[in-house]
1. Just to compare against my own numbers: the Cα pair-distance distribution for the stretch A:1-44, 5 Å bins, whole % per bin, please.
2. Distance between the C-alpha centers of the stretch A:31-66 and the stretch A:167-224? Whole Å please.
3. Let me know the volume per residue of the alpha-carbon convex hull for chain A, in Å³.
4. Taking a point 7 Å out from Cα toward Cβ as the label site, list the nm distances between A:Asp295 and the same residue in every other copy, smallest first.
5. If I take R0 = 22 Å and measure r between the Cβ atoms of B:Glu274 and A:Lys213 in this structure, what FRET efficiency does the formula 1/(1 + (r/R0)^6) give, to the nearest 0.05?
6. At 20 °C and a viscosity of 1.002 mPa s, what translational diffusion coefficient does Stokes-Einstein give for the protein assembly as shown, taking Rh as the Kirkwood radius over Cα pairs? Give it in µm²/s as a whole number.
7. To the nearest 10 Å², what's B:Phe105's accessible area with a 1.4 Å probe?
8. Would you work out the relative contact order for chain A, in percent, from Cα pairs under 8 angstrom that are 6 or more residues apart?
There are 2 protein chains.
Amino acid sequence: MSITVVGSIAFDTVDTPFGGRERMLGGAATHFALAASFFDHVRIVGPVGDDFGEAELDVLRTRGSSIDDVERVTGGKTFFWEGKYGWDLNTRETIDTQLNVFEHFEPKLSDESRACEVLFLANIQPGLQLDVRQQCADARFVALDSMDLWIDIARDELLEVISRIDCLILNDEELRQLTQRPNLVSAAREVLARGPSIIVAKQGEHGAALITKDEFFALPAYPLETVVDPTGAGDTFAGGFVGYISRQLAGGLSSDVLRNAMAYGTALASFNVEGFGTDTVRELSASAIRQRVEDLWRLTRFDHLAVELAE
Amino acid sequence: MSITVVGSIAFDTVDTPFGGRERMLGGAATHFALAASFFDHVRIVGPVGDDFGEAELDVLRTRGSSIDDVERVTGGKTFFWEGKYGWDLNTRETIDTQLNVFEHFEPKLSDESRACEVLFLANIQPGLQLDVRQQCADARFVALDSMDLWIDIARDELLEVISRIDCLILNDEELRQLTQRPNLVSAAREVLARGPSIIVAKQGEHGAALITKDEFFALPAYPLETVVDPTGAGDTFAGGFVGYISRQLAGGLSSDVLRNAMAYGTALASFNVEGFGTDTVRELSASAIRQRVEDLWRLTRFDHLAVELAE
C-alpha cells in the first residue's frame, strides 16, 4: 500500500531536565514518516522555507519516503516550535510558536499522493484536513490526529472531517474535551457513533487504549529508565500504528491486526523518546523494533491461574 | 495463610458528579479486608468510636473476617473523612478530616493477629507501621501502603519501615516523591535497593505497574463506562493483590503468581469503583471476580504477528 501523510515539518527547540537542542528537525509529518516508512512507502506533504536544507531533506527521505510534495516556499521560513518540559517530562510549556510557511499552507497533492490507499491527516486546521480527505477519495484507511486548539475554535469543522475517517488518534484528555464526556469509554463510544470505526486514545507515559464497537484493548508504554525528549512521540506512535495497518490492510483489520498495530506504534514511540528529535528512529534497525514488540508481549502477558474464592 | 491488616476504619462522606453519600462505612482496613477475605482469613486491627454500630461491624465480618482486634474506644468518635471529586473523578479535594479515635491510636494485636503469615500495613503513621511490623515477627509476606503526608513529614521513619517489608504498594506520584526520581522505573529501582523485593505503582484509571529486580509488568485498569465512587479503590486493589499472594504463598512467588495478583487486585478495584463505599465488593460473587479476570486477560493479550520491515 502507499501512505500519504499531510502535516507539519518543523524546526523544534526543546529544553528538558536532561539538556536541550536548538532548531532540530521535527514536525508531525516528519515523525510519522520516519516510523511509517518501516512498513510501506510514504509520501510526505507539507511546506518548508528557505531555511530548510539538504541535510533535513535527506532525513525526510529515510527508507525511501517521497518528498516530491514537500513544498518549498520561496522567501518563507519553516514552522518553528519551542517548548520546555517539566521535571517528569509529563508537562510541557510552549515558549514560542512561529507558524511561518504554515500560516498560509494549502495542501497541494500530486496525483501519486492523491492515489494513496492509506492517509494520515496529522494535526492541522480541520478545514485543510477535510480538503485533503476529499482529494484522496480512494483511500481505504484514513486516520486523523488533532489538538485542543481545534476542539476549542473549530469543533464543527473537526467533527465534519471526523465523520469521514476510519480512525481517530487523539490524546486521552482531548477525547474527553471533544465529547464533553469525562469517561474514556463513553467518550470513545460517542465518537464511534459519529463515523470512525477505530478510536485510539494516547495516554503518554501510560500507553494507549484502542476502542472499537466490539472491543477494548489497552497497552502500557514500554518502560524506560531514561526518557530524553518526548517531542514527536504521538506522531511516531501514529506512524507505527498506521504503518502496520497499511501493511496488513489487504488481509483485513482483525482484532489481532489492530492489537499488533498498537504494539508497533508503542514500540516505535518508545524509541523516539530515547533520543532528541529524530535521532533514534532515523537510525533504528528492523530487528530492534521486532525485539521491542516481543518485549512488550512479555511484559504485558499473564496466564490466568484461578484460585478457589470464598462466596 | 492468615492475613492481618492494620489501618483505618472510617466514616466517609463523598461528593461526586454522580451524587453523594454521607457517613458511609469506609477506611483502608475496611476496603482491604472486604477484598482480601475472598482469598484467606483476615483479621482487622483498627479503632472505632461509640458511633460505630452493629451494622458496620457486620460489614467488617463479611466472609468470616475477624473483628476481635477492632478496638472500640469508649467516648470516642470514629475517624471521619469528607471529600469532593472533580469532573473526571481523577482529582479529589479533602473537605474535612477528623482523626478522632485515630489520633491516639496504638495498635494492640492479639496473639492471633501477631501470628499472621501475611501482613498489610495500610496507610498510617510510619512509626506505628514499624511497631506492628516488629510485633508480627514471623510474617512471611509484608506489604505496605503510605501517602504524601508521611513522605513529607516522616520520611526517615517511612524508609525505616520500608527496609523491613517485602512489597511497597504506592501511588505512582508518591513513589516519585519518595525517591525524588521523576522516572517510574528508576524510582522503583531505588526502592528495591532499600529492601522490598516487589514494588507496585498504582496509577489510578491507568491501572498499575509491578516492578521487581527481574521484571516489569503493567496492567491497565478494567475499562468502565460508569465509575461512581473511586474511594477505597487503592485499598481494594491491595486486598485483591495481597489476598491472591497469600493464597499462593506456599507455592512460591513466581512471576505468574505476581501477575495474577495484579489481575485480581485490578478486578476487585474495578468493582469497588462501580458503587459507593463498600456497596459492590461486599455483595460480590466469586464467579463475577473470575469472569472479570478473564475479561482483563482478553483485553490485554496480543499474539505477535510479525511483518517484514524496511532496513
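1. 6, 21, 24, 17, 14, 10, 6, 2, 0
2. 28 Å
3. Numbers: hull volume 45.8 nm³, N = 311.
About 147 Å³ per residue, rounded to a whole number.
4. 3.2
5. Plugging the Cβ-Cβ distance into 1/(1 + (r/R0)^6) gives 0.45.
6. Once the numbers are plugged in, D ends up at 83 µm²/s.
7. B:Phe105 exposes around 10 Å² with every protein chain in place.
8. Working: 655 pairs, mean separation 53.3, N = 311.
After rounding, I find 17 percent.
The values are calculated or read from the model by the stated rules, or taken from the named source; none is laboratory data. Note that the structure is predicted; figures quoted are calculated from it, not measured. No Cβ is skipped: glycine too gets one built from the backbone with ideal geometry, and neighbour counts run over all protein chains shown. Only protein heavy atoms, including side chains, enter the accessible area calculation; ligands, DNA and RNA are left aside. Shrake-Rupley method; radii C 1.70, N 1.55, O 1.52, S 1.80 Å.
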